[in-house]
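Asks: Please find one structure pasted underneath; my questions will follow.
Since every read-out is calculated from the coordinates, none of them should be taken as a lab result. If you're wondering where the values come from, they're calculated on a predicted model, not measured in any experiment. Using ideal geometry, Cβ is built from the backbone for each residue, glycine included, and neighbour counts are taken over all protein chains shown.
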Ligand code: SF4
């Protein structure tokens, strides 16, 4: 089979994986080596696919042959689909060819389980070796650690890759038992623990010896499938929070389940992927990582799912009138961040600008504040924006209107998709 | 007060000399242009001679007042902000007369337009780091872009680091200049016209592989062209491999049939008409 055909099959089989960022690299260019990972710091998108997702890495499978039979997966053993496998040489050549032309920032290599987890990981290691040692490739590599792989092989993989990830996929044990009978929670968590431990060790060693080998310097991530199982947003968000805290994950990705198969335990094929729900989870994830929110502030047992009509930060603000209004001239950074329509950049600009004098409401848009949302929640020099009158009831309605009319691009297009 | 229009040579140093001369003549220019033809005949003009010493004196003074402002002004000079020279001029005057305090307020009325234009420039630079496409032409890598702002000086470091052991050029068709890099040395030169060479078989093959990858990676159930276009505005598409028509994937001196670049299972990217000009800088406001 020729490489074009393999590429088609193995891209098609890899496209449901959401992770495609290259964040966290900081290797500078070296003589005699190809590339670097410096632009990755800011997350360099090389293209956007027709579904609006960022394309940063060559995202393919080593092979889509698989001995497992996870019910939700296109590559499961029992699915009748064309199969292919790259040789390590083909894949290394493709990566270099694409990298040189500035098509990509690096490689994201995942795989079906071919013969056994160890055999598959062995193939991946050979590919990465070729890239790092023969081609002297210095760019970004994200590799999947397959549950059940021997720790020695995970170790080798981690020394070659910038980031490792183990996909949890199903957010609960019940889900795993019914839909991924070949995988166990323990088999998934074992490599995650190993990666966390080795990553920390290698950071400590690097402080002592500059040339100590780096183990997955860009850390690890995982993916959770949303909508294949009945798990609530609250459940998923608490799991996320635990993963960030206990496993020191760099990112958790969410993937709206796209029904690829009819199965009694899964949503029917006619069900649309829950894109807006996925979007709300990403927004909430962002609030956990950068805005100082805890999962328990955003949701609880009584309200286990996000309001689809409103972003999680607005929802929180509407439910906490006692916190508002926030006075932009005196509030600290953390309090500013809680105002809908104020982001990290505009909060920093507010802190800088108010040192030159008291801020007035009309200055705020120029500092990047989205007044359509923020106006209900702040004062500037004690004043509300001019002519603004609202009640607690009309507030919710108006915010939903804002969200529906001129929201950020993703929501806009997602609403279109739903309509 | 008299209407006075300054004419300078279009260089950053020339612009700094406009500032210098306005203090010498104790006058405030109503416009600062580098193209004589764009000046209405009714106005008085003053031709500003570029004097390196004068330029350096102004620049040193700027750096002394605020290194931040100096770097902001250098960047603003590369932007497509309408009347950028005049806006920069007013910023400098304000800086020299009031000190640097106002620079801390991004909403300041003199600073804001400059800041906004520079953010637009930096945004374009950031996007282009990803969207530039290179072709392997013999032993040289070559690429072409049509940006609104003069991005080459800001892309230089990035691509020199990426291709540290290589030779490459990057042509800016909007501003007709080219970034050249070979054996560790980079420079930017004006270049009036340039045609990209036809691809050889290997190059055409990689282009095809990339287009196939691009068309296949999209998930049909999530098809969302509006989101794509917001993140990757259409004006960038004309120089990107994935949006080219069939000839782009055909190697030079070959009449052999090439496989259809579109993917069987994917969402084929729309073609853009290459060479459909004009690509003059447009206003960002
Ligand atoms: S192991 Fe991976 S590739 Fe194989 S069926 Fe399960 S999810 Fe799919």
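Asks: Pairing the Cα long axis of helix A:151-160 with the longest principal axis of chain A, what angle in degrees results, from 0 to 90 and rounded to the nearest 10?
Replies: 70
Asks: Right, here's the next one. What is the Rg over Rh value, at two decimals, for the range A:100-150, using alpha-carbon atoms and the Kirkwood definition of Rh? Numbers along the way, then the final one.
Replies: Details: Rg = 12.1 Å, Rh = 11.9 Å.
Taking Rg over the Kirkwood Rh, I get 1.02.
Asks: Return one number: the angle in degrees, 0 to 90 and rounded to the nearest 10, between the long axis of the Cα atoms of helix A:88-100 and the longest principal axis of the Cα atoms of chain A.
Replies: 40
Asks: Just check chain B against the gyration tensor rule for me: Cα atoms, a ≥ b ≥ c as the square roots of the eigenvalues, rounded for a/c under 1.5, and otherwise prolate or oblate depending on whether a/b exceeds b/c. Walk me through the intermediate numbers first.
Replies: On the way: a/c = 2.39, a/b = 2.09, b/c = 1.14.
Prolate.
Asks: Still on this structure: Taking only DSSP H segments of four or more residues, each worth -39500 (n - 2.57), what value at 222 nm results for the protein assembly as shown once the sum is divided by all its residues, to the nearest 500 deg cm²/dmol?
Replies: Details: 23 runs with 270 residues, N = 704.
Roughly -12000 deg cm²/dmol at 222 nm, from the helical runs in the protein assembly as shown.
Asks: Here is a follow-up. Over the range B:128-190, calculate the relative contact order: mean separation of alpha carbon pairs under 8 Å at least 6 apart, over the residue count, as a percent. If you can, show how the numbers build up before the last one.
Replies: Details: 99 pairs, mean separation 18.3, N = 63.
Across the range B:128-190, relative contact order equals 29 percent.
Asks: Also, quick follow-up: Provide the gained length on full extension for the span residue B:193 to residue B:11, in nm with one decimal, where the gain is 0.36 nm per separating residue minus the Cα-Cα distance.
Replies: 63.4 nm
Asks: Based on the Cβ-Cβ distance of residue A:126 and residue A:78, what FRET efficiency does E = 1/(1 + (r/R0)^6) give at R0 = 41 Å, to the nearest 0.05?
Replies: With a Förster radius of 41 Å, E is 0.90.
Asks: Then there is this: Once you place label points 7 Å from the Cα toward the Cβ at residue B:35 and residue A:248, how far apart are they in nm?
Replies: Here the modelled spin labels are 5.7 nm apart.
Asks: Another question, if that's okay. Can you give the angle from 0 to 90° between the axis of helix B:111-131 and the longest principal axis of chain B, with both taken from C-alpha atoms, to the nearest 10?
Replies: Approximately 20 degrees, to the nearest 10.
Asks: Ok, one more. What area, in nm² and to one decimal, does the C-alpha convex hull of the protein assembly as shown cast on average over all directions?
Replies: Values: hull surface 139.4 nm².
One quarter of the hull surface, i.e. the mean projection, equals 34.9 nm².
Asks: Given contacts defined as C-alpha pairs under 8 Å and at least six residues apart, what's the relative contact order of chain B, whole-number percent? Working shown, then result.
Replies: Values: 386 pairs, mean separation 38.9, N = 285.
Taking the mean separation of contacting Cα pairs over the length of chain B, I get 14 percent.
Asks: Of all the Cα-Cα pairs you can form in the range A:17-157, what percent are over 23 Å apart?
Replies: On the way: 3670 of 9870 pairs.
Beyond 23 Å sits 37 percent of the P(r) for the range A:17-157.
Asks: Ok, one more. List the extent of the Cα atoms of the range A:107-218 along each of their three principal axes, largest first, rounded to whole Å.
Replies: Dimensions of the range A:107-218 along the principal axes of its Cα atoms: 47, 29, 20 Å.
Asks: Using packing as a proxy for protection, rank A:116-126, B:52-62 so that the peptide with the highest average count of other Cβ atoms within 10 Å comes first. Intermediate values should be presented prior to the final figure.
Replies: Working: A:116-126: 19.8, B:52-62: 15.8.
So the order, starting with the most tightly packed, is A:116-126, B:52-62.
Asks: How much length is gained on full extension from residue A:388 to residue A:115, taking 0.36 nm per residue of separation minus their Cα-Cα distance? Please list the in-between numbers first.
Replies: Values: separation 273, 0.36 × 273 = 98.28 nm, distance 6.62 nm.
Full-extension gain reported as 91.7 nm.
Asks: R0 = 56 Å: FRET efficiency of residue A:352 with residue A:211, Cβ-based, nearest 0.05? It would help to have the intermediate numbers written out before the result.
Replies: Values: r = 41 Å, r/R0 = 0.72.
So the FRET efficiency works out to roughly 0.85.
Asks: Quick one: order B:155, B:128 by neighbouring beta-carbon count within 10 Å, fewest to most. Numbers along the way, then the final one.
Replies: On the way: B:155 21, B:128 24.
Sorted ascending by nearby Cβ count, the order is B:155, B:128.
Asks: Report the calculated FRET efficiency for residue A:200 and residue A:360 (r = Cβ-Cβ distance, R0 = 51 Å), to the nearest 0.05.
Replies: Values: r = 48 Å, r/R0 = 0.95.
Efficiency, rounded to the nearest 0.05: 0.60.
Asks: Specify the residue with the greatest mean-square fluctuation among A:323, A:137, A:114, computed from a Gaussian network of chain A linking alpha-carbon atoms under 10 Å apart.
Replies: Residue with maximal mean-square fluctuation among A:323, A:137, A:114: A:323.
Asks: Over 5 Å intervals from 0, what percent of Cα-Cα pairs in the range A:312-404 sits in each interval?
Replies: 3, 14, 28, 27, 18, 8, 2, 0
Asks: Right, next: What nm distance separates the two modelled labels at residue A:177 and residue A:150, each placed 7 Å from Cα along Cα→Cβ?
Replies: In this crude spin-label approximation the distance works out to 3.2 nm.
Asks: In addition: Going highest first, how would you order A:187-198, B:180-191, B:91-102 by mean Cβ packing within 10 Å?
Replies: Working: A:187-198: 18.5, B:180-191: 12.2, B:91-102: 15.8.
Packing proxy ranking, top to bottom: A:187-198, B:91-102, B:180-191.
Asks: Still on this model: With springs connecting C-alpha atoms under 10 Å apart, model chain B as a Gaussian network and identify which of B:109, B:221, B:242 has the largest mean-square fluctuation.
Replies: Ranking B:109, B:221, B:242 by mean-square fluctuation puts B:221 first.
Asks: Tell me the relative contact order for chain A as a rounded percent, counting alpha carbon contacts under 8 Å between residues six or more apart.
Replies: On the way: 689 pairs, mean separation 44.8, N = 419.
Dividing the mean separation by the residue count of chain A yields 11 percent.
Asks: Also, quick follow-up: Would you please state the base-10 log of I(q)/I(0) at q = 0.11, 0.13 1/Å for chain A, with intensities from the Debye formula using one equal scatterer on every alpha carbon?
Replies: At q = 0.11, 0.13 Å⁻¹ the computed log10 ratios are -0.91, -1.18.
Asks: Would you calculate the separation in nanometres between label points at residue A:69 and residue B:246, each defined as 7 Å from the Cα along the Cα-to-beta-carbon direction?
Replies: Modelled inter-label distance: 4.5 nm.
Asks: Size of the range B:2-122 along its principal axes in angstrom, Cα-based, largest extent first?
Replies: Projected onto the principal axes, the Cα atoms of the range B:2-122 cover 39, 28, 24 Å.
Asks: Once the Cα gyration tensor of the range B:128-190 is found, what semi-axes does its equivalent ellipsoid get, as square roots of 5 times the eigenvalues, in whole Å, sorted largest first?
Replies: Working: eigenvalues 58, 29, 25 Å².
Square roots of five times the eigenvalues give 17, 12, 11 Å.
Asks: Right, here's the next one. Pick out which of A:84, A:145, A:216 has the largest mean-square fluctuation in a Gaussian network model of chain A, springs linking Cα atoms closer than 10 Å.
Replies: Looking only at A:84, A:145, A:216, the biggest GNM fluctuation is shown by A:84.
Asks: How long are the semi-axes of the equivalent ellipsoid of the range A:153-225, taking √(5λ) for every eigenvalue λ of the Cα gyration tensor, in whole Å from largest down? Please list the in-between numbers first.
Replies: Values: eigenvalues 172, 19, 18 Å².
Equivalent-ellipsoid dimensions as semi-axes: 29, 10, 9 Å.
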